[in-house]
Amino acid sequence: RKENFVKKGANNKFIVATTSLAGCFGCHMSLLDIDTDIVDVLEIVEFNKSPLTDIKKFSKRCDVGLIEGGCANSENIEVLKEFRKKCDILIAFGECAIMGGIPAMRNFVPLKECLEEAYINGLTSEIGANIIPNHEDIPKLLNNVYPCNEIVKIDYYIPGCPPDANHIWKVVKNILLNEEYSITHEEFKYD
Ligand code: SF4
């Protein structure tokens, strides 16, 4: 896919936002695994809403949104839809975002049973506990965990669990700079 991006950030940089939905945050940890190469990334990228910056709300439209994790609750859906609205390109990175991953293992068990196991019958539940938390401030769990592309259109996918850090940034950079790229088999990483 060829795009002509207009850099919208300060110093003519591309603007990137990231979020972690129903995942383990491992994909975001991997983002930081490029160590000092982050300096090269920062030469062309400015981060907006992201756990990396602790910016909670979009302050401008973004060139790229990187999504970790699938959708397990109502808040995940809201955040993902907002990313689709505010970002020109959405990239699902990691297996949880692409196909639900580990959290989607609960799709084989009815939600009621999952909650009873977690809060009432589980080995670590308090003896005599019989309450499943249910407050209006707690996002509602969905019956299933959904991969991102079942909720909004996703433009690119970066497989792995977590994907290799250099692989992630190589893909993002190549998309932004409109360069041809290919990924070698060795770059796919599943720990
Ligand atoms: Fe964690 Fe793997 Fe899911 Fe990334 S893909 S959030 S590393 S379980």
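In the set E179, E186, which member is more than 17 Å from the chain's Cα centre (by Cα), more than 16 Å from the ligand (Cβ to nearest atom), farther than 13 Å from C27 by Cβ and modelled with pLDDT of 85 or more?
Sole residue among the options that is more than 17 Å from the chain's Cα centre (by Cα), more than 16 Å from the ligand (Cβ to nearest atom), farther than 13 Å from C27 by Cβ and modelled with pLDDT of 85 or more: E179.
List the residue pairs whose Cβ atoms are under 7 Å apart, where the first residue sits in the range 66-94 and is over 11 Å from S20 (Cα atoms), the second is of a type in the set (D, E), and the two are 6 or more positions apart or on different chains.
Pairs that qualify, where the first residue is over 11 Å from S20 (Cα atoms) and the partner is of a type in the set (D, E), are D88/D63; I89/D63; I89/D155; L90/D155; I91/D155.
Note down all Cβ pairs under 6 Å where the first residue falls in the range 37-56 and is hydroxyl-bearing (S, T, Y), the second is surrounded by 15 or more Cβ atoms within 10 Å (Cβ to Cβ), and they're at least six residues apart or on different chains.
S50/A17; S50/T18; T53/F47
Check S20, S74 and return the single one that is at pLDDT 95 or above and either out of contact with any helix residue (DSSP H, G or I) (no Cβ under 9 Å at 6 or more places or on another chain) or farther than 18 Å from Y157 by Cα (or both).
Answer to the check: S74.
Just to be sure before I move on: is I132 at pLDDT 95 or above and either part of a helix (DSSP H, G or I) or of a type outside the set (D, E, K, R) (or both) in the structure I sent?
Here the answer is no, as I132 does not meet what is asked.
Among what's in the range 137-164 and is β-branched (V, I, T) and within 16 Å of the ligand (Cβ to nearest atom), pick the residue that is nearest to P110 (Cα to Cα).
Once the filter is applied, the top-ranked residue is V145.
Against the condition hydrophobic (A, V, I, L, M, F, W, C) and either surrounded by fewer than 17 Cβ atoms within 10 Å (Cβ to Cβ) or part of a strand (DSSP E or B) (or both), how does I154 come out, does it pass?
no
Wholly within the range 19-95, which strands (runs of 3 or more DSSP E) include no fewer than the required count, namely at least 3 residues that are within 16 Å of the ligand (Cβ to nearest atom)?
Fully inside the range 19-95 and qualifying: 62-68, 71-73, 87-93.
Quickly run through the range 96-122 and pick out the residues that are within 16 Å of the ligand (Cβ to nearest atom) and part of a helix (DSSP H, G or I).
Once the filter is applied, which keeps residues that are within 16 Å of the ligand (Cβ to nearest atom) and part of a helix (DSSP H, G or I), the range 96-122 yields C96, A97, I98, M99, I102, P103, A104, M105, R106, N107.
Does S50 count as among the polar types (S, T, N, Q) and either out of contact with any Ser or Thr (no Cβ under 9 Å at 6 or more places or on another chain) or closer than 21 Å to N144 by Cα (or both)?
no
Counting only residues that are loosely packed, with under 11 Cβ neighbours inside 10 Å and in contact (Cβ under 8 Å) with a residue 12 or more places away in the chain, which one in the range 108-139 is nearest to K86 (Cα to Cα)?
The residue in question is P133.
Inside the range 160-176, can you point out the residues that are closer than 16 Å to H28 by Cβ and either of a type in the set (K, R) or touching a residue at least 40 places away in the same chain (Cβ under 8 Å) (or both)?
Matches in the range 160-176: G160, C161, P162, P163, D164, A165, N166, I168, W169, V171, V172.
For V171, are the conditions met, namely being touching a helix residue (DSSP H, G or I) at 6+ places or on another chain (Cβ under 9 Å) and within 16 Å of the ligand (Cβ to nearest atom)?
It is false that V171 is touching a helix residue (DSSP H, G or I) at 6+ places or on another chain (Cβ under 9 Å) and within 16 Å of the ligand (Cβ to nearest atom).
The values are calculated or read from the model by the stated rules, or taken from the named source; none is laboratory data. These numbers were taken from a predicted model, which means no experiment stands behind them. Cβ coordinates were reconstructed from backbone atoms using ideal geometry, including for glycine residues, and neighbour counts include every protein chain displayed.
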